[in-house]
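Below is one structure, written out as structure tokens; comments come after it.
The values are calculated or read from the model by the stated rules, or taken from the named source; none is laboratory data. Predicted, not measured: the structure shown is a model, and the values here were computed from it. Quick reminder, even Gly has a Cβ in these numbers, built from the backbone with ideal geometry, and neighbours come from all protein chains shown.
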Amino acid sequence: MILLVKTKKTMPDIPNKIRVSIVAIRDGNLLLIKRVKPDKTYYTFPGGTVEDNETPEEAVVREGLEELSHPIEIDRLLFEDKDADRHDYYFLIKDFAGEPKMGEPEVSRITEGNNYIYEWIPMNEIKDLDNFYIPDIRPQLLNWWNNKQLVEDIRNALVSSDETVGEVEYTTGNFDDKSNLIAGSIPTVTTDACEIGIYNTTIYFTFIIFSSDFKKELLDILPDNVQIYPFKYFNSTLYPKSGFNYSEFEKQLKHDKYLQINFNDNYKDHSVDHIVKKYFEYKELFKKCDIQLINQLGLVE
């Protein structure tokens, strides 16, 4: 079920201006360039325009050498932002240990009235910066960062509760509670019982069982925020749905070895302790019905 993000080398298929940006974060600080020009001063990401016959991935590596004077390694594509005139790619890079220094050709363009100043800005302060370069993706970036931090805190709390827990990962191919594909990757953590992930302000808990183990009594104790999906076709909701019929539901169970049972909660204003408490409450529902949970840390399909 867990699909890790893998950056693909894909040539852009649109004719507009294509730009790549480098997202470098160190110890909770974001690397930005303060551009000082005669008529304006603004903050922007290191990066630049994709050249002819160049992929965005190739362009961001080249820009790393030109604008940071360091070889960089892509971690993942964080965001895309586009309209009729442009297409912007924002790549998170892996640990950047060096100090940024402008290289060619930009260094030859530096004058008193055209300067590049590197600044490491704390993530919790970037929203307060004036004159941020358009497009302003700070809301998306902060949402991703805050969700990432929350998942890491949840993982630490689960470890402290003696749960068997994997590392924080970023998965793609996920669907929201309306069966819509979630764009991009989302931070997740997996225990031996459940995958926990966050998108926007929703936290989901996904449990997997053998379809043959499902018991009707489980439906009687499931809360309203539950959705049941087949494992292989998890954009197709089996429950709840209009005109639900249990006999038809049983027939559908035979088409898939596994069944996903998903709980969606709005985590806004909820503490990590509250979220972990919900995890154990959901886990207990299956225990009450004597239903075995699949160990997702060892599940390979």
Quiz item: Out of curiosity, is K268 charged (D, E, K, R) and touching a Phe, Trp or Tyr at 6+ places or on another chain (Cβ under 8 Å)?
Solution: no
Quiz prompt | Test for V151: is it free of Cβ contacts under 8 Å to residues at least 40 places away in the same chain, over 10 Å from the mean Cα position of the chain (by Cα) and assigned by TED's automatic domain parsing to the domain that holds K254 | solution = no
Quiz item: Looking at (1) touching a helix residue (DSSP H, G or I) at 6+ places or on another chain (Cβ under 9 Å); (2) at pLDDT below 90, can you tell me which one F234 breaks?
Solution: (1)
Quiz prompt | Evaluation of Y118 against (1) under 16 Å from A24 (Cβ atoms); (2) surrounded by 17 or more Cβ atoms within 10 Å (Cβ to Cβ); (3) touching a residue at least 60 places away in the same chain (Cβ under 8 Å) (one fails), failing number | solution = (2)
Practice problem: Can you run down the residue pairs with Cβ atoms below 7 Å, 6 or more apart or on separate chains, where the first is in segment 251-272 and more than 18 Å from S236 (Cβ to Cβ) and the partner is part of a loop (DSSP other than H, G, I, E, B) and of a type in the set (S, T, Y)? | Solution: N266/T201; Y267/T201; K268/T201
Exercise. Give segment 217-242 a look and list any residue that's closer than 25 Å to L181 by Cβ and free of Cβ contacts under 8 Å to residues at least 24 places away in the same chain, or say none.
Key: D224, Y233, L238, Y239, P240, K241, S242
Quiz item: Any residue in segment 222-229 that is polar (S, T, N, Q) and more than 23 Å from the chain's Cα centre (by Cα)?
Solution: no
Quiz item: Got a number for residues in segment 53-109 being assigned to a helix (DSSP H, G or I) and within 26 Å of the chain's Cα centre (by Cα)?
Solution: 9
Quiz item: Given D81, D85, which one is out of contact with any Lys or Arg (no Cβ under 8 Å at 6 or more places or on another chain), of a type in the set (D, E) and assigned by TED's automatic domain parsing to the domain that holds K127?
Solution: D81
Quiz item: With E163, E167, E104, E67 as the choices, which residue is assigned by TED's automatic domain parsing to the domain that holds D273 and touching a residue at least 24 places away in the same chain (Cβ under 8 Å)?
Solution: E163
Quiz item: Of L141, L158, which residue is surrounded by 17 or more Cβ atoms within 10 Å (Cβ to Cβ), of a type in the set (A, V, I, L, M), part of a helix (DSSP H, G or I) and under 16 Å from the mean Cα position of the chain (by Cα)?
Solution: L141
Quiz item: Do the conditions hold for Y267, that is, is it at pLDDT below 95, surrounded by 11 or more Cβ atoms within 10 Å (Cβ to Cβ) and farther than 19 Å from T201 by Cβ?
Solution: no
Quiz item: So how many residues does segment 204-216 have that are surrounded by 12 or more Cβ atoms within 10 Å (Cβ to Cβ) and farther than 25 Å from H270 by Cβ?
Solution: 6
